[in-house]
């Protein structure tokens, strides 16, 4: 049968990324306590396409996934990128795996526990034999505005904020460690389940620890820059303001490999 994809393109321009996006696939994620967690991922798989080819072979991405282990770690991640690269005869392969990761959190006073979910992304690019990997976590937290607290006779405005941590690293970097860094850097963590005694404690603790969005992003960055495995990071904090129809935002990016 004629291979249309390998025929010349009428517009001879190279394509940076072409492939399949939003492919749902079962995933096994290793946990810090030596256990595993079964979840479902949204997979994006791409390669570069030279200007002389009309199209790529989309079915080969799915075939690569079919033969993959489904276990997320450094070795398996790299092997999938390598397999995609070889099947598609590409110079570069790209892979993004987005998935919810669940942790059990205990309420601070009642001790009752429930699962919290965190959106995570493991992504990377293989060019030749050179691999670049990124790990991203998104952690909801609570903030209390210091200015509002200082000028108000009663209370202050508080809100939920989202901390996004994107890292490049060496070795084995655990999702649990990044989530803990984020929750420790805010006015208070948020919980899936609170009883009244817990709600009282969380509210009072947060109001005794007010933070601007600038405070939160600096706190996270300070912890990340001292992490022995991380050599680049970007932290974004978006505060979904309760008294404004817009968000407050702050970002710090730091390349630790170039620091003296």
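The values are calculated or read from the model by the stated rules, or taken from the named source; none is laboratory data. This is a predicted model, so every value here is computed, not measured. Cβ atoms come from the backbone with ideal geometry, glycine included; neighbour counts cover every protein chain shown.
Points to keep in mind about this one:
- Set 129, 87: member being without any contact (Cβ under 8 Å) to a residue 40 or more places away in the chain and surrounded by 15 or more Cβ atoms within 10 Å (Cβ to Cβ): 87
- Residues within the range 159-174 that are in contact with a strand residue (DSSP E or B) (Cβ under 7 Å, 6 or more places away or on another chain) and either surrounded by fewer than 22 Cβ atoms within 10 Å (Cβ to Cβ) or in a loop (DSSP other than H, G, I, E, B) (or both), tallied: 10
- Tally of residues being in contact with a helix residue (DSSP H, G or I) (Cβ under 9 Å, 6 or more places away or on another chain) and either modelled with pLDDT under 90 or not in a loop (DSSP other than H, G, I, E, B) (or both) across the range 59-85: 8
- Looking across the range 44-78, the residues that are surrounded by fewer than 16 Cβ atoms within 10 Å (Cβ to Cβ) and within 27 Å of the chain's Cα centre (by Cα) come down to 58, 62, 63, 66, 67, 69, 70, 71, 73, 74, 75, 76.
- Inter-residue pairs, beta-carbon under 7 Å, first in contact (Cβ under 8 Å) with a residue 40 or more places away in the chain and in the range 203-219, second part of a helix (DSSP H, G or I) and surrounded by fewer than 18 Cβ atoms within 10 Å (Cβ to Cβ), 6+ apart: 207/149; 210/146; 210/149; 211/146; 212/146
- Criterion violated by residue 179 - all others in (1) modelled with pLDDT under 95; (2) under 17 Å from the mean Cα position of the chain (by Cα); (3) outside any strand (DSSP E or B) satisfied: (1)
- Considered as a group, the residues in the range 187-243 that are in contact with a helix residue (DSSP H, G or I) (Cβ under 6 Å, 6 or more places away or on another chain) and in a strand (DSSP E or B) include one that is surrounded by the fewest Cβ atoms within 10 Å (Cβ to Cβ), and that residue is 231.
- Condition broken by residue 105, with the remaining ones in (1) modelled with pLDDT of 95 or more; (2) assigned to a strand (DSSP E or B) satisfied: (1)
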